[in-house]
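What follows is one structure encoded as structure tokens, with my remarks underneath.
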DNA sequence: CTCGACCGGTCGAG
DNA sequence: CTCGACCGGTCGAG
């Protein structure tokens, strides 16, 4: 028998034996991986150990997924990684395109982080030095996905930071802190979420709206969700027109230009 | 047509059109994701946007992998994540089992990080306070995968730190720094690698052996690879018996017990 | 070519 | 139940 088939068979057998004597799946699979390796290394001393490892991987993937063909596995994993890396960018671009349709007539526009990076390098952003230096820090740490600017007397000012997320699951926890810092730096800070499923848990609602012992303050000026199932407080529904987001962006731009010193976390848009 | 099929078809069509006018694959796929979303949201305003997103995901996965069945995709991704999380643990256990067969008769044994954590909590590790506190820090940050101890007069001392990796790719870069700190703290510090493919690049060889301008010092006392293709300097071949690793572990234990003050990065095992 | 960053179901230990 | 950590081909910008 070749080493590959040996690994497939041995893994299956060892896993079965382990479960039969009462071990749970996690224990059994770990033991099957470990002992198939040992056994195969003994029986095929001339085969590269890395190749035996790949065979054990195939055995594990087969048992868990029902797919025995390594080519299919490889292609799915590759495609999945492509989606992970690129789909978020596509979503950001979508928000930029959809938002700017309504915003640009008002002298407001959404920028990708990389757009803003270029504009700051070209020194065409009119914010004060202190803002510019704060923005550079945020860009360096890739904190926000999008930024929003407003024109006044022909000059372009960044007045807001946007987190755009297709799925934030429990990463909301990590995104909240930078958002609060943006509000403390007198910027409009909002999140746009494709999927609001996580808002089914009260914990996350209070991370947005505050007013609980665990989360005293609101984490964002607004969170815009592509669904009307989760609307409460600063959690707003949007659809393809981004209506409430656009309305709030206009209100926020006006506020930022006229009364920035009072533009802290308490600010709330009028329109609902 | 239902929204799902609409997304599949639209994505395929938009991607094809983009490539036909000369865009590369990455640009075309990002545009296809973005514009299929916009188009589907317009045509199916009552469908949850998160569900449209899932359909676009399926379209992307289908084009990249050739697999159109979402159930298969889901199972492969799930299995892959299981492997990612569990296989490293199985490998660590394997090293522990294989190593301890030869080591335990000499009063030496390999511990998983979690084993050491428990022993330290039970206060059965005999190292000085300063060592214990250093070890606790390493455990807290999950720096090393395995530790190695030696018995002297019935007391058990941790004398080495082991990184066990199935694939370190360019993560070697990140693993080097903590290894050098372990050597500075007068511990034996080694890595055990399943796959030495990365050692085809001279850069990585010099990260192990030092003696270049970029990497003046050696990064480990030894790196043990399950292959004899990469042997040079402190890069040693091992097979299932872990011969050289075991021989060096014995030498290092002796050195640590007798002459610890001189056990710095320069120490090198005699046996080859 | 290089090289940092991306994600999300699972694991494992509460 | 919760919740932090895991990985690795791809993306994107040098």
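Readers should treat all values here as calculations from the given coordinates under stated rules, not as data from a laboratory. Small disclaimer: the values here were computed from a predicted structure and weren't measured. Ideal geometry is used to build each Cβ from the backbone, glycine not excepted, and the neighbour counts take in all protein chains shown.
Restricting to Cα pairs below 8 Å that are 6+ residues apart, what does the relative contact order work out to for segment A:200-272? Please round to a whole percent. Write out the running numbers ahead of the final one.
Values: 84 pairs, mean separation 17.5, N = 73.
24 percent.
Obtain the radius of gyration and the Kirkwood radius of segment A:1-69 from its C-alpha atoms and give Rg over Rh.
With Rg and the Kirkwood Rh in hand, the quotient comes to 0.96.
Sort A:95, A:192 by Cβ crowding within 10 Å, fewest neighbours at the top.
With the fewest neighbours first, A:95, A:192 line up as A:95, A:192.
Let me know the shape class of segment A:84-144, please: from the alpha-carbon gyration tensor, a ≥ b ≥ c as square roots of the eigenvalues, rounded when a/c is under 1.5, otherwise prolate if a/b is greater than b/c, or oblate.
It is oblate, given that a/c is not under 1.5 and a/b is not larger than b/c.
Report the relative contact order of segment A:83-262, percent, no decimals, based on alpha-carbon pairs under 8 angstrom and at least 6 residues apart. Don't jump to the answer; show the numbers that get you there.
On the way: 271 pairs, mean separation 31.2, N = 180.
About 17 percent, as a whole number.
Between residue A:85 and residue B:268, take the C-beta separation as r, use R0 = 35 Å, and let me know the FRET efficiency to the nearest 0.05.
Given R0 = 35 Å and the Cβ-Cβ separation, E is 0.25.
Placing the label point 7 Å from Cα along the Cα-to-Cβ direction, what are the distances from residue A:251 to the equivalent spots in the other copies, shortest first, in nm to one decimal?
The projected label point of residue A:251 is separated from its counterparts by 7.3 nm.
Quick one: order A:36, A:124, A:19 by neighbouring beta-carbon count within 10 Å, fewest to most.
If I rank by nearby Cβ atoms, fewest first, I get A:124, A:19, A:36.
Taking 0.36 nm per residue of sequence separation and subtracting the Cα-Cα distance, how much length would be gained by fully extending the chain between residue A:5 and residue A:184, in nm to one decimal? Show your work: numbers first, answer last.
Details: separation 179, 0.36 × 179 = 64.44 nm, distance 6.11 nm.
My answer for the length gained is 58.3 nm.
Taking each label point as 7 Å beyond Cα in the direction of the beta carbon, state the distances from residue B:43 to the same residue in the other copies, shortest first, in nm.
Result for residue B:43, in nm, nearest copy first: 5.3.
If you wrap a convex hull around the alpha carbons of segment B:170-255, what volume per residue comes out, as a whole number of Å³?
Here the figure is 87 Å³ per residue.
Quick check on chain A: helices-only [θ] at 222 nm, where DSSP H runs of length 4 and up contribute -39,500 (n - 2.57) each and the sum goes over total residues. Nearest 500, please.
Calculated at 222 nm, the ellipticity per residue is -18000 deg cm²/dmol.
Using only Cα atoms, figure out Rg for segment B:139-209 and give it as a multiple of 2.2 N^0.38 Å. Don't skip to the end; give the middle numbers.
Details: Rg = 13.6 Å, N = 71, 2.2 N^0.38 = 11.1 Å.
In units of the globular-protein estimate, segment B:139-209 measures up at 1.22.
On a 0 to 90 degree scale, rounded to 10, what angle separates helix A:70-103 from the longest Cα axis of chain A?
Taking the Cα atoms of chain A, the angle to A:70-103 is about 10 degrees.
Given label points at 7 Å from Cα along Cα→Cβ, what nm distances, shortest first, separate residue A:19 from the same residue in every other copy?
List, nearest first: 4.0 nm.
If all Cα-Cα distances of the protein assembly as shown are sorted into 10 Å bins from 0 onward, what percent lands in each bin, rounded to whole numbers?
For the protein assembly as shown, the pair-distance distribution reads 3, 15, 19, 19, 20, 16, 7, 1, 0.
Hey, could you get me the Stokes-Einstein D for segment A:44-184, Kirkwood radius over alpha-carbon pairs, 20 °C and 1.002 mPa s, rounded to whole µm² s⁻¹?
The Stokes-Einstein estimate is 115 µm²/s.
If each residue of separation counts as 0.36 nm, what is the full-extension length gain between residue B:212 and residue B:152 once their alpha-carbon separation is subtracted? Don't jump to the answer; show the numbers that get you there.
Numbers: separation 60, 0.36 × 60 = 21.60 nm, distance 3.85 nm.
Here the segment from residue B:212 to residue B:152 would lengthen by 17.8 nm.
Which angle from 0 to 90°, rounded to the nearest 10, does the C-alpha axis of helix B:25-43 make with the longest principal axis of chain B?
With both axes taken from Cα atoms, the answer is about 50 degrees.
What is the calculated FRET efficiency for residue A:258 to residue B:24, with r their C-beta to C-beta distance and R₀ = 51 Å, to the nearest 0.05?
0.65
How high is the relative contact order of segment B:3-68, in percent, counting Cα pairs under 8 Å that sit 6 or more residues apart?
41
Taking other Cβ within 10 Å of each residue's Cβ, how do A:83, B:220, A:262 sort, fewest first? Walk me through the intermediate numbers first.
Working: A:83 21, B:220 27, A:262 10.
Listing A:83, B:220, A:262 from fewest to most nearby Cβ atoms yields A:262, A:83, B:220.
Considering the rotational relationship between chains A and B, which residue of chain A contributes the beta-carbon of minimal distance to the axis, and what is that distance to the nearest Å?
A:76, 2
Need one number: the % of Cα-Cα pairs in chain A sitting beyond the 24 Å mark. Spell out each step's value before the answer.
Numbers: 21896 of 36856 pairs.
Cα-Cα pairs in chain A separated by more than 24 Å: 59 percent.
Kindly express, to the nearest 10 degrees and within the range 0 to 90, the angle between helix A:129-140's C-alpha long axis and the longest C-alpha principal axis of chain A.
20
Could you check the spin-label model distance between residue A:12 and residue B:137? Points 7 Å from the Cα along Cα→Cβ, value in nm.
Computed distance between label sites residue A:12 and residue B:137 equals 5.1 nm.
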